Amino acid sequence: MEKHCIIFLLAVIIVSTKNINATKWNSINNAIRKEKQYLLQNKTGCRNSLKKNPDSTFIRYFKNNDSISDNKYLQIIITALRKRGCCKSKYCNTILEESEIKLLFEIYSYMDHNTISSRLLNFLYERRNYELYKKNTLFIKKSIMDGIDLSQTKMLIYILCDLDKQEKEEIRKKLGVFFNDGFPLYIRIRLGEKEAQDTLLQMYEKETDFEKLKKLIEQLELAGTKRCEMALVNSLGTKDQEQHSKPGYSYSIKFFIIQALGKLNPNVSLLNDNFKDYQLEMEQYTTRYEINKQLTKDFYQKVYEWVKNKYGKEIKELKETEFLYSYWLFRTK
């Protein structure tokens, strides 16, 4: 009798698991099919002929009336979605649109907690869009806060959303598990600590070490307040540290300042798409110094004009800057 009961329970578990899996895949397929018109339309404003047309993955999916039923096909679909706003090709849109962000979060909400879902969550954190995450706070919180897997990445995405006082206190307790030695300053700022912002701004103003400045720039960007953004803007005229590597990549600290301002202003092509175009051109003319010099001078001029138009701030450099970024393939003296 006991043996029959065990067999019966195992059968019930197997059937229940199959039903749960079927529900999961149906939910994921329905989420994608809901966006059929969007996924099959041409990307407006994209100058890259390879990218403005619909991805062949989605064309096949809808033409064949496919259904995702395993992680392998799901990964193919996720990769196609990521590529819509992520491509190193010249003149390609590098910013994820709102529909893409929401679809990726919705797909994540139906996924099992595995390597694929972790990679997707990391991607959504790396490609964060502060404005859209704040705008879609309720949708994102519903997608990631299921109470099962309270990963650090989930918490870090969560604090980028629009949180009330009670939610900030709850997230403070949950994040404490991951930061035994205290929170980074940007998290404290996000959670409403005014003193933390003063501390971060003072540290950034006084710091001169290149690597430490890079980390502080990232914290200013992640904090995302108006004061932190203006500190980045002002430092275009006060920070001029450089780090050179031959062979390899060399940078001015202003490279990372502009990069941070681009993340805070995702719809400004100059700081995003055009910035990537500049990098590609610099890599193309690695030994043509006069061309590089002029490309850099022109790009700086455009950035400073944008700063003046948006913030009313005129950048006056400590010295005339002729360097921003370079890449050397071969070792030189």
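Read the figures in this text as sums done on the coordinates, not as results from a lab. Here the structure is a predicted model, which means the values were calculated and not measured. FYI the Cβ positions are ideal-geometry reconstructions off the backbone, even for glycines, and counts take in every protein chain you see.
If the chain between Thr199 and Tyr289 were fully stretched, how many nm would it gain, using 0.36 nm times the residue separation less the Cα-Cα distance?
On the way: separation 90, 0.36 × 90 = 32.40 nm, distance 4.06 nm.
Separation in residues times 0.36 nm, less the Cα-Cα distance, equals 28.3 nm.
Straight distance only, please: which aspartates and glutamates reach the Cα of Lys83 with their own Cα at less than 13 Å, same-chain residues fewer than 8 apart left out?
Excluding near neighbours in sequence, the set is Asp55, Glu97, Glu100.
Given R₀ = 22 Å, what would the calculated FRET efficiency be for Asn274 paired with Glu218, taking r from the Cβ atoms and rounding to 0.05?
0.55
Placing unit charges on C-beta atoms (Lys and Arg positive, Asp and Glu negative, everything else neutral), compute the dipole magnitude of region 194-328 about its Cα centre in debye, rounded to 20.
200 debye
In nm, what is the difference between 0.36 nm times the number of residues separating Leu40 and Lys310 and their Cα-Cα distance?
Length gained, Leu40 through Lys310: 93.7 nm.
Quote to one decimal, in nm, the extra length available between Glu242 and His113 on full extension: 0.36 nm per residue of separation minus the C-alpha distance between them. Intermediate values should be presented prior to the final figure.
Values: separation 129, 0.36 × 129 = 46.44 nm, distance 4.18 nm.
Between Glu242 and His113, full extension yields an extra 42.3 nm.
Return the subset of Lys297/Lys319; Lys134/Lys308; Lys215/Lys263; Lys239/Lys313 for which the Cα-Cα distance in this structure is over 22 Å, preserving the input order.
Lys134/Lys308
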